[in-house]
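*Asks:* Provided herewith is a single structure, encoded as C-alpha cells, for subsequent inquiry.
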Amino acid sequence: SLQGWKEVFWNRPHYLAKFWNSMGLAAAIVIGQILISCLAGYGFSKFRFRGKEALFFLVILLMMMPYQVTLVSNYLMLDKLDLVGSKWSLILPGVFSPFGVFLLRQVFDTCPNELLEAARLDGAGNLRILFSILVPRCRAGVISLGILSFIDAWNMVEQPIVYLKSGYDYPLSVFLTRMDGQNLGVLCTCGVLAALPVVLLFLYYDQELTEGVTMTQL
C-alpha cells in the first residue's frame, strides 16, 4: 500500500538500511567469488599437477555438503581470526564457495586448449590469458556464477544470525523473517524490495544464464 511505501522510504529509514546492508554484502561476495573461482577454475581446467583429481573431488564433496554442516567449523575458524561479529564473517565463506570453482572449471573446459597455446606463443601470461581470453569467451558462464552467487548471498538467513552480533548489521533477508503481520503494508513493501534485485537480474541476464548452465553440461 501507499502507506507502506511511505513508512519504508520516509518515516523509518532503517528499513532501507537493511536493503543496502544486503546489497553491500551480496556485491562483495559476488565480486570476490568470481575472482577466486576464475583463478581456481582456470587452474583445475588448464593445468596438470599432482593430486588434481583428488583435490577437485574434495571441492565437489564440499559443494554437496549443506552449509549447516560446516556452520560450526566456520564459526570456530572465524572466531580464531577474530572476525565473528563483523561482515567479513559472511563475506569470506561466501567468497571461497566451492560451487564457483566447480562451475567455472566446467565452463573453462569448453574453451579449446589450442587457443590458449596460441596466446602463449604470442607471449601472453596466465593472467592475461585468463582475463583477456577465457573470461570474455566464457562470459555467459561467469555471469551465471554471478547471478547464482548473488541469489545465495541475498537470501542467506542462518549465517547472519550466527555470525553477526548487532541486529543493525542484519541484511534484509533476516529482517523479513522477524517481521510480524501487524503492519502488512510495510511487510509487503519490504518483500517487494527483497524480490526486486533478483527479478531484474533474471530479466536482464536470462539468455546468459541459460547459456552458462548449458555450457556446464557439455
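*Asks:* Counting only residues that are assigned to a helix (DSSP H, G or I) and polar (S, T, N, Q), which one in the stretch 107-135 is nearest to the chain's Cα centre (by Cα)? Quick ask: steps written out before the conclusion?
*Replies:* Let us first name the residues in the stretch 107-135 that are assigned to a helix (DSSP H, G or I), namely 107-108, 113-121, 126-135.
With the extra rule that they be polar (S, T, N, Q), the set shrinks to 113, 126, 132.
Working: Asn113: 28, Asn126: 24, Ser132: 22 Å.
Restricting to residues being assigned to a helix (DSSP H, G or I) and polar (S, T, N, Q), the top hit is Ser132.
*Asks:* Right, something else. With respect to Leu90, is the statement that it is closer than 26 Å to Trp154 by Cβ and either modelled with pLDDT of 90 or more or surrounded by fewer than 16 Cβ atoms within 10 Å (Cβ to Cβ) (or both) true?
*Replies:* yes
*Asks:* Restricting the search to the stretch 44-59, which residues are closer than 22 Å to Leu116 by Cα and without any contact (Cβ under 8 Å) to a residue 40 or more places away in the chain?
*Replies:* Scanning the stretch 44-59 gives Phe47, Arg48, Phe49, Arg50, Lys52, Glu53.
*Asks:* Restricting to the stretch 36-56, count the residues that are surrounded by 11 or more Cβ atoms within 10 Å (Cβ to Cβ) and among the aromatic types (Phe, Trp, Tyr).
*Replies:* Residues meeting the conditions: 3.
*Asks:* Kindly list, by first and then second residue, each pair from a residue in the stretch 107-130 that is over 16 Å from Phe44 (Cα atoms) to a residue that is outside any loop (DSSP other than H, G, I, E, B), limited to pairs with Cβ atoms under 6 Å and residues at least 6 apart or on different chains.
*Replies:* Ala119/Ile129; Ala119/Ile133
*Asks:* While we're looking at this one, here's another question. May I ask you to list the residues in the stretch 143-157 that are open to solvent by 20 Å² or more (accessible area, probe 1.4 Å), assigned to a helix (DSSP H, G or I) and β-branched (Val, Ile, Thr)?
*Replies:* Ile143, Ile151
The values are calculated or read from the model by the stated rules, or taken from the named source; none is laboratory data. What you see is a predicted model, and the numbers here were worked out from it, not measured in a lab. No Cβ is skipped: glycine too gets one built from the backbone with ideal geometry, and neighbour counts run over all protein chains shown. For accessibility, only protein heavy atoms count, side chains too; no ligands or nucleic acids. Shrake-Rupley method; radii C 1.70, N 1.55, O 1.52, S 1.80 Å.
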